[in-house]
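First comes the structure, then the notes that go with it.
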Ligand SMILES: [Zn+2]
């Protein structure tokens, strides 16, 4: 037995049973009228005959609401809605994305799941959407330490290459040392104003922030209880006065992120960068060291897919992102 031999990775009926268990917890609710519990299963219903399937295919997980008489499956209102891909393949994809520390490319998903590239690409982006945390709770509660740093990656669209990092895309990340969570933002500029806005939106006043010596962090101290710095320019990585003052945790996060972006994803356009950040934040915030193992992480991603119906639309035949 291995994780991959679980029935819900292979069998469509088992996949539905698993997803229903995770999302409904034994109490199906009607997505049309919201009634809970007055739902019964419709067994043996088949889809209309088609050329490919003259007998039709079995409609797994079909339910009917006794209150409003409408039909639905657990896919309704989730990232799975409006997708023709079988649910067990979705579960395989979610597991692969959640268990690979640096991510998994759409090409690899295409080969492993034996689907078209286009399908794999949309699948991966929808799973990233499921991973996107709606959690806006502030960092640094009870005077906890928050590490903050910026990194530069890829290339800003339509920007000539310059000696500094200004032609690259910019990401600011926060790590709450107490909870172990990360939160990353794609920003236009790294300056005092942007940093001030990020601190105001994401941290409590009693937080203690640690950064490097970047001048854009100069006024952070005005917004929170304390601001410690390490001077990387002078090869200071841990403060000589306080061993808690370092940014090694956030540097470690950037290191996983960059290895993933360079080694696995290779290229990412700016309009999608925030989704990749959500993916790396999700895996990091739900990592083994926080007590969350692969299967639990996959389950959390699955739950994250509820209420996030497909937000992509095709416009000019290319992949467009509406969100
Ligand atoms: Zn209903």
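The values are calculated or read from the model by the stated rules, or taken from the named source; none is laboratory data. What you see is a predicted model, and the numbers here were worked out from it, not measured in a lab. Cβ coordinates were reconstructed from backbone atoms using ideal geometry, including for glycine residues, and neighbour counts include every protein chain displayed.
Right, residue 95: crowded, with 21+ Cβ neighbours inside 10 Å and either within 16 Å of the ligand (Cβ to nearest atom) or more than 22 Å from residue 57 (Cβ to Cβ) (or both) or not?
yes
Taking the conditions exactly as written (surrounded by 18 or more Cβ atoms within 10 Å (Cβ to Cβ), more than 24 Å from residue 153 (Cα to Cα), at pLDDT 95 or above and touching a strand residue (DSSP E or B) at 6+ places or on another chain (Cβ under 8 Å)), does residue 204 satisfy them or not?
No.
Got a number for residues in the range 16-71 being loosely packed, with under 15 Cβ neighbours inside 10 Å, at positive phi and more than 10 Å from the ligand (Cβ to nearest atom)?
Going through the range 16-71 one residue at a time, the tally reaches 5.
Here is a list of conditions, (1) assigned to a helix (DSSP H, G or I); (2) closer than 27 Å to residue 291 by Cβ, and residue 180 meets all of them except one; can you say which number that is?
Exception for residue 180: condition (1).
Need pairs with beta-carbon distance below 6 Å; first residue more than 8 Å from residue 130 (Cα to Cα) and within the range 290-309, second part of a helix (DSSP H, G or I); sequence gap 6+ or separate chains.
Taking only residues 6 or more apart or on different chains, the pairs are 294/99; 297/98; 298/94; 298/95; 298/98; 299/22.
Between 54, 31, which is within 25 Å of residue 132 (Cα to Cα) and modelled with pLDDT under 95?
None of the others qualify; the one that does is 31.
Among the listed residues 245, 256, 303, which satisfies the condition of being in contact with a strand residue (DSSP E or B) (Cβ under 8 Å, 6 or more places away or on another chain) and within 30 Å of residue 142 (Cα to Cα)?
Of the residues listed, the single one that is in contact with a strand residue (DSSP E or B) (Cβ under 8 Å, 6 or more places away or on another chain) and within 30 Å of residue 142 (Cα to Cα) is 245.
Would you be able to say whether some residue in the range 11-27 is part of a loop (DSSP other than H, G, I, E, B) and touching a strand residue (DSSP E or B) at 6+ places or on another chain (Cβ under 8 Å)?
Within the range 11-27 (the criterion being part of a loop (DSSP other than H, G, I, E, B) and touching a strand residue (DSSP E or B) at 6+ places or on another chain (Cβ under 8 Å)), the answer is yes, since at least one residue qualifies.
Report the residue count in the range 211-232 for those that are without any contact (Cβ under 8 Å) to a residue 12 or more places away in the chain and touching a helix residue (DSSP H, G or I) at 6+ places or on another chain (Cβ under 6 Å).
Of the residues in that region, 0 qualify.
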